[in-house]
Amino acid sequence: MRAYLYQSYGPPEVLQLAELPIPTPGGKDLLVKVHASTVTPGVSYVRQGIVPGSTFKTLLMRLVFGIRKPRRPILGYEFSGIVETVGATVTQFKKGDAVYGTATGLNAGSYADYLVVPETWRWGVIAKMPDTLSFEQAAALPIGAMTALHILLKAKIKSSDNILIYGGSGSVGSYAIQIAKYYGARVTAVCSHSNLSLVVSLGADTAVDYTKNILERWKILLIL
Ligand SMILES: NC(=O)c1ccc[n+]([C@@H]2O[C@H](COP(=O)([O-])OP(=O)(O)OC[C@H]3O[C@@H](n4cnc5c(N)ncnc54)[C@H](OP(=O)(O)O)[C@@H]3O)[C@@H](O)[C@H]2O)c1
């Protein structure tokens, strides 16, 4: 199978296309033929081995991902695809299922033709894809949407809330707007000028342009 390996931290050029054997699933695993994955700010930090602006977070990240060089050879944290084979004890999935999820905590990532994913594991998730999503849409959903949902539930979101989503056009923010509206909250989203119509189309009641002058930004405080 084809896979993008990275054997040192650095710019996108550290990713090298290589031929590897297709991995063999164990009894509790699924072998997924990957159809789509994502490039997010988080993946680019892991590829570079740097969290911009924070030595402390960079150090923590290196402890997890490898001090001098990446511990895990294949990058990629989100995926969608088709189940190719299932292990003997797998009960919730079968060959041919369209699935999506995260490769968090696995030894290999999703920038490859195939990925072995356990049916359940501590750090990641896999689920059947809704019929309404394309592979590209499904792959772009798990981490941003789960992060947004986690934060909003932690904030005990309710319909009487006024919520400010700073970075409303990004991976986390675009899901946060939709989830906050689902809960009936009033949403103010902050983004650049070119994304104002996007955040409104996602449901934001008010959109604020962070590139505008300080008076414009004071509107946020007045709205809240
Ligand atoms: N993605 C994840 O799953 C995840 C998980 C955990 C934590 N995080 C953290 O959550 C944060 C957002 O991640 P993301 O993946 O959503 O990033 P992203 O997709 O790059 O989105 C960044 C957002 O910030 C906005 N923005 C950029 N510069 C800004 C400024 N000066 N003032 C206000 N807004 C500004 C962008 O608006 P424009 O695009 O309109 O410029 C965009 O809405 C990051 O700190 C990330 O490390 C992300």
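The values are calculated or read from the model by the stated rules, or taken from the named source; none is laboratory data. Computed from a prediction, not measured in an experiment: that's the story for all the values here. As a convention, Cβ positions derive from the backbone with ideal geometry for all residues, glycine included, and neighbour counts pool all protein chains shown.
What number of residues within region 4-54 satisfy the criterion of being of a type in the set (Phe, Trp, Tyr) and within 16 Å of the ligand (Cβ to nearest atom)?
Adding up the residues that qualify gives 1.
Quick check on region 106-148: of everything there that is in contact with a helix residue (DSSP H, G or I) (Cβ under 6 Å, 6 or more places away or on another chain) and of a type outside the set (Ser, Thr, Tyr), which residue is nearest to Phe93 (Cα to Cα)?
Looking at the filtered set, the residue picked out is Met129.
Can you name the residue in region 60-78 that is among the β-branched types (Val, Ile, Thr) and within 19 Å of the chain's Cα centre (by Cα) and, of all such residues, is surrounded by the fewest Cβ atoms within 10 Å (Cβ to Cβ)?
Val64
Among the residues of region 122-159, what is the count of those that are away from the ligand (no atom under 16 Å from the Cβ), under 20 Å from Thr188 (Cβ atoms) and not in a loop (DSSP other than H, G, I, E, B)?
0
Which one is nearest to Thr40 (Cα to Cα) among residues in region 160-191 that are in a loop (DSSP other than H, G, I, E, B), of a type in the set (Ser, Thr, Tyr) and at pLDDT 95 or above?
Step by step, filter region 160-191, then rank; the result is Ser169.
Any residue in region 160-181 that is surrounded by 19 or more Cβ atoms within 10 Å (Cβ to Cβ), of a type outside the set (Val, Ile, Thr), assigned by TED's automatic domain parsing to the domain that holds Gly42 and farther than 21 Å from Pro23 by Cα?
no
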